[in-house]
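Peer 1: There's a structure below that I have some questions on.
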Amino acid sequence: MENFDPLKLENQLCFPLYACAKEVVRKYKPFLDELDLTYTQYITMMVLWDIKAINVKELGAKLYLDSGTLTPLLKKLEAKGYITRKRSNADERSLIVTITDSGERLKVKAEEIPSKVGACIDLSPEKAQCLYNTLYEILNSIT
């Protein structure tokens, strides 16, 4: 490609990834507003609905979030009564996040969100699975 310009926006892989991520998260907003959750609070709750209790450092690694983003997010979830944060008995330096009964009840309200968002995106199940695999392949190769 002799006329390839590496600084043209349309030649960047990062741009459609960024724009897609932003637009997909935007599709979540009306459904998450009903639960009074942001997208990052929602994915945090998804981890806790599955694991129930987790070290903050491990949670950050799972979500690809640093402590500067995670700490205020967790404080807000705790203020809403969905989680508790406590120091580990085994290691005072370690902070454990645990889902509350109220946080567990929120799961029932959130269960339809993935299908509602999926209905907003015109992609066959096969293409969606291929995209999922490709995105995780990229993510795993750069982390």
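Peer 1: Report yes if Leu95 is at pLDDT below 95 and farther than 30 Å from Ile138 by Cα, otherwise no.
Peer 2: yes
Peer 1: When you look at Tyr42, is it surrounded by fewer than 12 Cβ atoms within 10 Å (Cβ to Cβ), modelled with pLDDT of 95 or more, assigned to a helix (DSSP H, G or I) and not basic (Lys, Arg), yes or no?
Peer 2: Considered against the rule, which asks whether it is surrounded by fewer than 12 Cβ atoms within 10 Å (Cβ to Cβ), modelled with pLDDT of 95 or more, assigned to a helix (DSSP H, G or I) and not basic (Lys, Arg), Tyr42 comes out as no.
Peer 1: Show the residue pairs that are 6+ apart or on different chains and have beta-carbon atoms under 9 Å apart, the first residue being within region 8-35 and open to solvent by less than 60 Å² (accessible area, probe 1.4 Å), the second being polar (S, T, N, Q) and outside any helix (DSSP H, G or I).
Peer 2: Hits for this filter: Leu32/Thr38.
Peer 1: Quick one: in region 93-108, of everything that is part of a helix (DSSP H, G or I) and among the small types (Gly, Ala, Ser), which residue is nearest to Tyr42 (Cα to Cα)?
Peer 2: Per the criteria, the residue is Gly103.
Okay, residues lined up against (1) open to solvent by less than 70 Å² (accessible area, probe 1.4 Å); (2) without any contact (Cβ under 8 Å) to a residue 12 or more places away in the chain; (3) at positive phi:
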residue	(1), (2), (3)
Arg87	no, yes, no
Ala90	no, yes, no
Ser94	yes, no, no
Thr98	yes, no, no
Ser102	yes, no, no
Arg105	no, yes, no
Gly118	yes, yes, no
Ile121	yes, no, no
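Peer 1: Then there's this: For Tyr132, state whether it is of a type in the set (Phe, Trp, Tyr) and touching a residue at least 12 places away in the same chain (Cβ under 8 Å).
Peer 2: Here the answer is no, as Tyr132 does not meet what is asked.
Peer 1: Continuing with this model, one more query. Out of all the residues in region 47-69, which are open to solvent by 40 Å² or more (accessible area, probe 1.4 Å), in a helix (DSSP H, G or I) and free of Cβ contacts under 8 Å to residues at least 12 places away in the same chain?
Peer 2: The answer is Asp50, Ile51, Glu58, Ala61, Ser67, Gly68.
Peer 1: Regarding Gly81, is this residue surrounded by 12 or more Cβ atoms within 10 Å (Cβ to Cβ), of a type outside the set (A, V, I, L, M, F, W, C) and not in a helix (DSSP H, G or I)?
Peer 2: In short, yes.
Peer 1: Would you say Glu126 is open to solvent by 70 Å² or more (accessible area, probe 1.4 Å) and without any contact (Cβ under 8 Å) to a residue 24 or more places away in the chain?
Peer 2: So Glu126 passes the test.
The values are calculated or read from the model by the stated rules, or taken from the named source; none is laboratory data. From a predicted model like this one, the values you see are computed outputs, not experimental measurements. Virtual Cβ from ideal backbone geometry, glycine too; neighbours counted across all protein chains shown. Calculation scope for accessible area: heavy atoms of the full protein, side chains included, ligands and nucleic acids excluded. Shrake-Rupley method; radii C 1.70, N 1.55, O 1.52, S 1.80 Å.
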